[in-house]
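Working notes, beginning with the structure itself.
The values are calculated or read from the model by the stated rules, or taken from the named source; none is laboratory data. Quick caveat, the model's predicted, so the values are computed rather than measured. Glycine gets a Cβ as well: all are built from the backbone with ideal geometry, and neighbour counts include every protein chain shown. Only protein heavy atoms, including side chains, enter the accessible area calculation; ligands, DNA and RNA are left aside. Shrake-Rupley method; radii C 1.70, N 1.55, O 1.52, S 1.80 Å.
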Amino acid sequence: MDGEVRKTKKMRILEEMFDKPIDELLRKLYVEEDLRLKQICEIFIGKGVHLTPGPLSQWLARLNIPSRTWGFQTGGSYGKRRQSQQSVHAQKL
């Protein structure tokens with residue numbers, strides 16, 4: 001079981017419901033669709049799986065899905081802006 005994440009019962013239930021691995025599902029919702037943790041939880045709750053942002057955040061970490069930085073959003077994804085700011089900073093070094 002090298003590098004494999006031990007999945008919770010809720011993770012396995014969601015994989016079955018959405019017919020895809022949990023890491024793929026969360027990457028699609030959180031990274032590609034840019035949904036907030038609360039929005040993702042609301043989707044899961046609508047399917048009958050109660051989950052709150054705290055444990056969901058822990059899942060992202062366990063699955064090596066980078067979290068977005070907290071901050072005030074003025075349009076677009078703060079996480080994406082943060083990455084571009086880091087790139088500019090890295091170029092200055």
(message) I need a count of the residues in the stretch 31-46 that are more than 11 Å from the chain's Cα centre (by Cα) and within 18 Å of residue 63 (Cα to Cα).
(response) 1
(request) For the stretch 24-40, name all the residues that are open to solvent by less than 60 Å² (accessible area, probe 1.4 Å) and closer than 18 Å to residue 12 by Cβ. (result) 25, 26, 29, 40
(request) Looking for whichever is of a type in the set (Val, Ile, Thr), open to solvent by less than 50 Å² (accessible area, probe 1.4 Å) and either modelled with pLDDT of 95 or more or assigned to a loop (DSSP other than H, G, I, E, B) (or both) here; the options are 65, 43. Which one fits? (result) 65
(message) So, in the stretch 18-40, exactly how many residues are within 25 Å of residue 4 (Cα to Cα) and outside any loop (DSSP other than H, G, I, E, B)?
(response) 14
(request) Could you grab me the full set of residues in the stretch 46-56 that are closer than 10 Å to residue 10 by Cβ and open to solvent by 40 Å² or more (accessible area, probe 1.4 Å)? (result) 50, 55
